[in-house]
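Presented below is the structure to which this report refers.
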Amino acid sequence: MQGSAAVVGVGESEYYVRGRSPDSEFQLACTAIERAVADAGLRTSDIDGVVSYMDSRNDPMRLARALGLGDLRYTAQPFGGGGNNAAAAIQLADAAVSAGYAKHVVVFRALAQGQFGRFGQARAGGAGQVPGAFAWSAVYGLLSPAQECALHTARFLHDHGLDQEALCDVALACYANAQRNPRALRHGQPLTRETYHASRWIVEPFHLYDCCPENDGAAAVVITSGERARDLARRPVGILAAAQGKGPPFGSAAFQPDSFPGVFYKSVARDLWERAGVAPGDVDVAQFYENFTGPVLMAIAELGFCEPGELGDFVADGALEGPDARFPFNTSGGNLGEAYIHGFELMNEAVRQVRGESTCQVEGAELSLVVAGPGYAPGSAVVFAP
Amino acid sequence: MSRVLGDDWLLPVLDEGNREFFTSGRIVLQACASCGVVAHPPDEVCGGCRGRAFEPRESAGRGRVESVVVVHHPVHPALAGAVPYAIVLVSLDDVPGVHLVGNVRGTAPDEVEIGQAVRAVFSKAALPDGERLRVPEWEIVAAV
């Protein structure tokens, strides 16, 4: 039954600037999982399900051997190659434990881009020829997620009378909140509006600080049934609702007019609020995956927090910064400020908020939202609650 | 004319779905032979009627800038000499429902704006096997 599962453990490795991890990606994954399992008061032999996303390289059989897992009863990853499926991975684990296919499922994401190369790097191999669907964009120098998201963002800003300050406000909030979080890679490196505007362009309208860094690390949670959760060490954090997908019309590419400009979250939002039985205004604290600042703005609107034309005011004047923010947002620093663990660090933070353990704790936080990866479909989102 | 990104920049591997577009010197898209729905990029089953047979649909190559970004960071080393360059999305006046990715010839990147009218122009290129291409690009024809 939906809403019956709970997060009972969270853990992460140390986070590193890309290429600086002394551990391999697999070792990072094992560290995060070990810590999440220990946080739950469980043994690794209790774990019988493994879920990840984004074409994880860390095979469950190898993890089972290394960590001494129990009988593996459930392994899964959602379709799709990006952080947009972080909440879909939570949803898969929820489904597994709610249906009884597994008892204790670990959900994780690990990456060591120093070891395996950069996710955000241009996909073109080298000068020469490029085959298939990618040719339509690569021939014109459209190569990276930053450029793709910038095309949506430029038109969105234009249509709704928004300016560069709205993007800046998102970045400033992530950096400000990271100053409270010793785990954050940008801890001790505050960002000012002046520094933001003086930073180099990556692809207009994105400055350097509109783009998330590339990092190494791993984060994990343990999910079990609500019934089982009551017997464990930690206060359970329920999965009130999760949603994944994209509604019609389905264009044949990301830039087709039926869904441009946007982040493909309208149907996810509709399903999420309907399943959760709450409205956007009920949310106490929100984590938005920010690969780039622009998609965050579009996602705030598509999730129903305000109309697109109101976004400038919605994010202005520090409205997103700190535990007492008008809209408490990316309280650990997010992808920009804490670490870019393909958005799974946002799950740990969302759970910590409900537990009352955040370094930027929103007083009395109950409804805790994660929007997993605006800009790429199918998207996903999850609401946690006590 | 040279391509905006330089004559050495990536070219497509030609296939059934893109050969006309990149070689004909015209804007030619894929339309469903049954219901006429245009798909770009092309696909193998029509999203309008599930048809599997297609025919070319030619556009006069006039359109409008729907979005524009200016690339400053060359994500590929071969583009280090090409930045800053503009990437545009173009809609066509005579084929609704389609956005084409492209580059703009003859206008500084920071002078390309959403809403400007454009027309297709074609740059000559050749594949290693000698096949001749005419790569569609765009020129601004009027201010907003």
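The values are calculated or read from the model by the stated rules, or taken from the named source; none is laboratory data. Since the structure is predicted, the reported quantities are computational estimates derived from the model, not experimental observations. Cβ atoms come from the backbone with ideal geometry, glycine included; neighbour counts cover every protein chain shown. Just so you know, the surface numbers come from the protein's heavy atoms only, side chains and all, with ligands and any DNA or RNA stripped out. Shrake-Rupley method; radii C 1.70, N 1.55, O 1.52, S 1.80 Å.
Which of the residues belonging to the range A:48-62 are open to solvent by less than 20 Å² (accessible area, probe 1.4 Å) and touching a helix residue (DSSP H, G or I) at 6+ places or on another chain (Cβ under 7 Å)? First the steps, then the outcome.
Here is the first cut: in the range A:48-62, the residues open to solvent by less than 20 Å² (accessible area, probe 1.4 Å) are A:48-54, A:58.
A:49, A:50, A:51, A:52, A:53, A:54, A:58, listed by residue number.
Check B:129, B:110 and return the single one that is without any contact (Cβ under 8 Å) to a residue 12 or more places away in the chain, of a type in the set (Asp, Glu) and open to solvent by 40 Å² or more (accessible area, probe 1.4 Å). Give the steps one after another, and end with the answer.
Working: B:110 fails: without any contact (Cβ under 8 Å) to a residue 12 or more places away in the chain.
Being without any contact (Cβ under 8 Å) to a residue 12 or more places away in the chain, of a type in the set (Asp, Glu) and open to solvent by 40 Å² or more (accessible area, probe 1.4 Å) holds for just one of B:129, B:110, which is B:129.
Using beta carbons and a limit of 8 Å, which pairs, at least six apart or on different chains, have the first residue in the range A:273-292 and aromatic (Phe, Trp, Tyr) and the second one open to solvent by 30 Å² or more (accessible area, probe 1.4 Å) and modelled with pLDDT of 95 or more?
A:273/A:279; A:273/A:304
To keep it simple, each residue is scored yes or no on (1) of a type in the set (Asp, Glu); (2) farther than 30 Å from residue A:49 by Cα; (3) open to solvent by 20 Å² or more (accessible area, probe 1.4 Å); (4) out of contact with any His (no Cβ under 9 Å at 6 or more places or on another chain).
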residue: A:207; (1), (2), (3), (4): no, yes, no, no
residue: A:226; (1), (2), (3), (4): no, no, no, yes
residue: A:233; (1), (2), (3), (4): no, no, yes, yes
residue: A:249; (1), (2), (3), (4): no, yes, yes, yes
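Where in the range A:265-348 are there helices (runs of 4 or more DSSP H), lying fully within it, with 3 or more residues that are open to solvent by less than 10 Å² (accessible area, probe 1.4 Å)?
By residue number, A:266-276, A:293-302, A:334-337.
Can you pull out the residues in the range A:255-292 that are away from chain B (no Cβ under 14 Å), under 28 Å from residue A:142 (Cβ atoms) and touching a strand residue (DSSP E or B) at 6+ places or on another chain (Cβ under 8 Å)?
If the condition is that a residue be away from chain B (no Cβ under 14 Å), under 28 Å from residue A:142 (Cβ atoms) and touching a strand residue (DSSP E or B) at 6+ places or on another chain (Cβ under 8 Å), then A:263, A:264, A:265, A:267, A:268, A:269, A:288, A:289, A:291 are the ones that fit.
Name the pairs whose Cβ atoms lie under 9 Å apart, with the first residue in the range A:135-164 and at the interface with chain B (Cβ under 7 Å from one of its Cβ atoms), the second open to solvent by 30 Å² or more (accessible area, probe 1.4 Å) and among the basic types (Lys, Arg), and 6 or more positions between them or separate chains?
A:138/A:123; A:143/A:123; A:144/A:123
Pick out, from the range B:10-87, the strands (runs of 3 or more DSSP E) lying fully within it that include 1 or more residues that are aromatic (Phe, Trp, Tyr) and more than 10 Å from chain A (Cβ to nearest Cβ).
On the way: elements: B:27-32, B:54-59, B:62-71.
By residue number, B:54-59.
Out of (1) at pLDDT 95 or above; (2) assigned to a loop (DSSP other than H, G, I, E, B), what's the single condition that is false for residue A:351?
Among (1) at pLDDT 95 or above; (2) assigned to a loop (DSSP other than H, G, I, E, B), the lone unmet condition for residue A:351 is (2).
What residue, among those in the range A:166-201 that are surrounded by fewer than 22 Cβ atoms within 10 Å (Cβ to Cβ) and β-branched (Val, Ile, Thr), is farthest from residue A:300 (Cα to Cα)?
Among residues in the range A:166-201 that are surrounded by fewer than 22 Cβ atoms within 10 Å (Cβ to Cβ) and β-branched (Val, Ile, Thr), the one farthest from residue A:300 (Cα to Cα) is A:195.
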